[in-house]
Structure formats: C-alpha cells, structure tokens
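**Q** Take this structure, written in structure tokens, and hold onto it; I'll ask about it next.
The values are calculated or read from the model by the stated rules, or taken from the named source; none is laboratory data. Computed from a predicted structure; not experimentally measured. Don't worry about glycine lacking a Cβ; one is built from the backbone with ideal geometry, like all the others, and counts go over all protein chains shown. We work out accessible area using only protein heavy atoms, side chains counted, and drop any ligands, DNA or RNA first. Shrake-Rupley method; radii C 1.70, N 1.55, O 1.52, S 1.80 Å.
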Amino acid sequence: MKQPPIIVIHGGAGTIAPDLREAALAGVAAAARRGQAMLAAGAGAVDVAVAAVRLLEDDPTFNAGRGACLTADGEVEVDAGIMRSRDRRSGALAGVRNLRDPINVARRVMEATRHSLLVGEGAESFARAQGLGAFGRHEVETAKAVERWRRAKAGEAAIDNRADTVGAVVLDAAGELCAAGSTGGVLLKLPGRVGDTPLVGAGFYADPELGACCCTGVGEAIMARVLAFTALREVAAAPADAQAIAERLCDACSAEHGGAAVGLILARPDGAVAIAHRSQHMSWGLAIGEGAVVAGLDLAARRLDLAGG
Ligand code: ASP
C-alpha cells in the first residue's frame, strides 16, 4: 500500500529553558509545515529534509548554524550529516568553524564527492570551492550562545542535557527516505570534539527497507549504541512496536551514560513513526500526508500512539 508522505522534526533532547519553549515549539512546527507543503507539491525527501533543517539552522533558538553553542575556547565548530535511502549515500562535515548552513555543505559532500565525511579546514575549503556556505562569526554568533558560554565557564550553569540540536526524517511520495541533522555539538566541548550528529549509523541513517532515523542528545552516549542504525534494525523486527522500542532504546542509552539526554525520531517505509526521548524535553513536529501538523515539547504529557502511521 502506498504510504502518505511523512516529515518528523526534532529540536533537540535535553532541557529547554522556560524563555525558549514557545520559540522552540514554533520552530519545529514551522519546519514540519514547510516540509509538509513541499511534500504535497511533490518534492523529494532530500530537498524536504534540507529545507526543514535550514529553517532551524537559521533560527537562533536552536543549537545549529546561527545560534550554535560555543566550545571551551569560545569558538563555534559545527557538525552536520545527511543520508538518502535510495543508494545509502551519505554526506557529512565535522568541526567546521563559523558556518551558518552546514547541512547545505553536507548535502554537497553526498552528491558531488566520492566521500562521506569531511572535517575542519578541508571541509571549509571544499565548501568554498563549491561556492557554498555562509561563513563568518557574524553568521553564527548569538547573544544567547555567548551568554550561555559565559555562565557555563563561570560555573553558574550546568553544561549537560541542554536541548536544541536539530534534525529531520522524511518519507516522500515516491517512497524515498532521508535523515538529516545539524548541531553546534555540546557546550564547552573540547576544540575538535565531534559527536554523533555527523556519524553515519550513530547520529543518522537511511535505508530503503529499514527507514530513516535521526538522533539527538549527548553524542558520546548515542555513539556507544550506534543508535540510529540500532533503532532502525530493532524496529524492523516489530514495526507495530516502533514507539515502544524507540523509548526503550533511549532509556537504555541514557541509563548507561549517567542519565544523559538521548532522543530520536524515526520513520519507516511502511509509515510507522517513532518520536522518543529520555530527557526533560525534546521539541518535535510531525506531519503525515495532509493531516494537521502536530508538535510538542516532550512526549510525557501526551502519550502518542505513533506506530503504524
Ligand atoms: N548530539 C549532539 C552532539 O553530541 C548534541 C545534541 O543533539 O544536542 O554533538
């Protein structure tokens, strides 16, 4: 049976400060709406996932592109990754300084090179040679990120379990799937630290039979479980239990990493969807076919039966 198109968005697992909750909810809902409109007009999964992630990279509410968090040295180093199901091609970049639209560059790595991951200066040179990328501290720095860095440095605020990385999974009308994510990483990370977001299988994965998954939360916990691929494989064995399996995996992953924030979004070719997190919040948005866009700041208040599409 042909499935209606699906877009699922996440705006990061962790704790969302009270003054940012409204903006986070508006951001993920807007990204889901944008994706839904594109899908209805026949757009492909990659175009839709990139457009949704770009919207959130430009939104200073989120820790991606403009608004990315700062390293221990006060620099901005971003990571992003994208994968399409058709041929399991992926593209990613890691540790690139002061880049506002990393997902555009990750996409170009996927589509125009024989590689999957470029890092640091090499990735920047590639982007510039392709005429891509909005580079510059002024493109990424926000007062919010600088203030958070200052407070964390001064020991006035916790650095873990903050939420605002972004990601999308998409199933288009032709049955193609795409997973995409973009992040500034974790606040006060060591210069050069890379998390799960640009790592195939850990932070994101897309496969024609298994579906597409994108993770968020503390990268070190997610990498240990190769979470995106693991979730897709486990859900494939029991698609009707997608939501329960995703929740169990987030719980397990978090527990073995001292209660770290962990979350994921997932969509399968048969229409099964899961949105799960072990953290106080994870903003999310969802649109299936032409149905109403739904969005939330967590899944605790309203337990969704998302399995089965
Ligand atoms: N997963 C990202 C990282 O570890 C951060 C996040 O999702 O909040 O870099």
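**Q** How many residues are open to solvent by 20 Å² or more (accessible area, probe 1.4 Å) and over 14 Å from the mean Cα position of the chain (by Cα) when one looks only at the range 36-57?
**A** The number of residues fulfilling the criteria is 9.
**Q** Of Gly155, Gly175, Gly184, which residue is within 16 Å of the ligand (Cβ to nearest atom) and either within 29 Å of Leu232 (Cα to Cα) or open to solvent by 10 Å² or more (accessible area, probe 1.4 Å) (or both)?
**A** Sole residue among the options that is within 16 Å of the ligand (Cβ to nearest atom) and either within 29 Å of Leu232 (Cα to Cα) or open to solvent by 10 Å² or more (accessible area, probe 1.4 Å) (or both): Gly184.
**Q** Note down all Cβ pairs under 8 Å where the first residue falls in the range 228-249 and is farther than 22 Å from Asp196 by Cα, the second is outside any loop (DSSP other than H, G, I, E, B) and open to solvent by 10 Å² or more (accessible area, probe 1.4 Å), and they're at least six residues apart or on different chains.
**A** Qualifying pairs under 8 Å: Ala238/Ile245.
**Q** Can you name the number of the only condition in (1) open to solvent by 10 Å² or more (accessible area, probe 1.4 Å); (2) assigned to a helix (DSSP H, G or I) that Ala72 fails?
**A** With respect to (1) open to solvent by 10 Å² or more (accessible area, probe 1.4 Å); (2) assigned to a helix (DSSP H, G or I), Ala72 is out only on (2).
**Q** Could you list all residues from the range 281-306 that are at pLDDT 95 or above, assigned to a loop (DSSP other than H, G, I, E, B) and in contact with a Gly (Cβ under 8 Å, 6 or more places away or on another chain)?
**A** The answer is Val293, and nothing else.
**Q** Asp79: surrounded by fewer than 16 Cβ atoms within 10 Å (Cβ to Cβ) and outside any helix (DSSP H, G or I), yes or no?
**A** Here the answer is no, as Asp79 does not meet what is asked.
**Q** OK, next. Have a look at Val96, Val170 and point out the one that is buried (at least 22 other Cβ atoms within 10 Å of the Cβ), away from the ligand (no atom under 16 Å from the Cβ) and not in a helix (DSSP H, G or I).
**A** Testing whether each residue is buried (at least 22 other Cβ atoms within 10 Å of the Cβ), away from the ligand (no atom under 16 Å from the Cβ) and not in a helix (DSSP H, G or I) leaves just Val170.
**Q** Still on this model: Condition first: open to solvent by 30 Å² or more (accessible area, probe 1.4 Å) and more than 15 Å from Val169 (Cβ to Cβ). Now tell me which residues in the range 210-235 satisfy that.
**A** Correct list: Glu220, Met223, Ala224, Arg225, Val226, Thr230, Arg233, Glu234.
**Q** Exactly one condition in (1) within 13 Å of the chain's Cα centre (by Cα); (2) surrounded by fewer than 24 Cβ atoms within 10 Å (Cβ to Cβ) is false for Ala31; which is it?
**A** (2)
**Q** Here is a list: Arg114, Arg86, Arg108. Which entry is touching a residue at least 24 places away in the same chain (Cβ under 8 Å) and assigned to a loop (DSSP other than H, G, I, E, B)?
**A** Just a single option satisfies the conditions, and that option is Arg86.
**Q** Let me ask something additional. Out of contact with any His (no Cβ under 8 Å at 6 or more places or on another chain), of a type in the set (Asp, Glu), touching a residue at least 40 places away in the same chain (Cβ under 8 Å) and farther than 18 Å from Arg88 by Cα: is that true of Asp164 in this structure?
**A** So Asp164 fits the description; yes.
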